[in-house]
Amino acid sequence: QLSTAKDLDNDVRAQLDAAKLAERQAQEEVTRIRRELEGARQTIEETTARTAKLGQELETKDTELERERSLRKESEAKVASVAKTADDNQLRSKIADLEGQLAIKTTELNKTKDKAKSYLKEINAEKTKLQE
């Protein structure tokens with residue numbers, strides 16, 4: 001009977017040790033998952049901040065584009081005013097110069113706007129991927 005009690009005691013101790021090991025492994029897994037979750041949260045926060053910043057930059061570029069359009073209209077109005085008193089050749093030269101400057105500025109603004117939109121799409125795709 002003593003031998004059976006010792007065997008039973010040893011079995012119980014072995015099961016207890018196995019249970020402790022399983023608990024320790026489970027806690028390590030929980031800790032690892034929490035770290036991964038925190039990393040994902042941080043990435044989402046960073047992505048959200050970058051998205052907000054790009055949104056603001058896009059708004060700024062839109063405002064600049066509107067300003068350029070307004071300046072173009074003002075320039076066209078000034079050209080019309082000057083046309084009354086200026087030589088046709090001078091007027092054509094000024095118009096061509098202003099249109100060239102405006103075309104360059106508009107192209108630059110559109111390129112910047114397109115880049116910002118593209119980057120914003122990439123960030124939103126990354127954010128969506130991370131949230132999955």
**Request:** Kindly provide the set of residues from the stretch 66-84 that are modelled with pLDDT of 85 or more and more than 22 Å from Glu108 (Cβ to Cβ), ordered by number.
**Result:** Ala77
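Pick from Gln15, Gln90, Gln101, Gln25: which is at negative phi, surrounded by fewer than 13 Cβ atoms within 10 Å (Cβ to Cβ) and under 44 Å from the mean Cα position of the chain (by Cα)? Let's see the steps before the verdict.
Working: Gln15 fails: under 44 Å from the mean Cα position of the chain (by Cα); Gln90 fails: under 44 Å from the mean Cα position of the chain (by Cα); Gln101 fails: surrounded by fewer than 13 Cβ atoms within 10 Å (Cβ to Cβ).
Sole residue among the options that is at negative phi, surrounded by fewer than 13 Cβ atoms within 10 Å (Cβ to Cβ) and under 44 Å from the mean Cα position of the chain (by Cα): Gln25.
Checking the conditions here, which among Arg72, Arg50 is touching a Phe, Trp or Tyr at 6+ places or on another chain (Cβ under 9 Å) and open to solvent by 60 Å² or more (accessible area, probe 1.4 Å)?
Values: Arg72 fails: touching a Phe, Trp or Tyr at 6+ places or on another chain (Cβ under 9 Å).
The unique qualifying residue is Arg50.
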**Request:** Check Lys121, Lys113 and return the single one that is open to solvent by 60 Å² or more (accessible area, probe 1.4 Å) and either at pLDDT below 90 or out of contact with any Ser or Thr (no Cβ under 7 Å at 6 or more places or on another chain) (or both).
**Result:** Lys121
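The values are calculated or read from the model by the stated rules, or taken from the named source; none is laboratory data. Bear in mind that the values here come from a model prediction, so they are computed numbers and not experimental data. As a convention, Cβ positions derive from the backbone with ideal geometry for all residues, glycine included, and neighbour counts pool all protein chains shown. Calculation scope for accessible area: heavy atoms of the full protein, side chains included, ligands and nucleic acids excluded. Shrake-Rupley method; radii C 1.70, N 1.55, O 1.52, S 1.80 Å.
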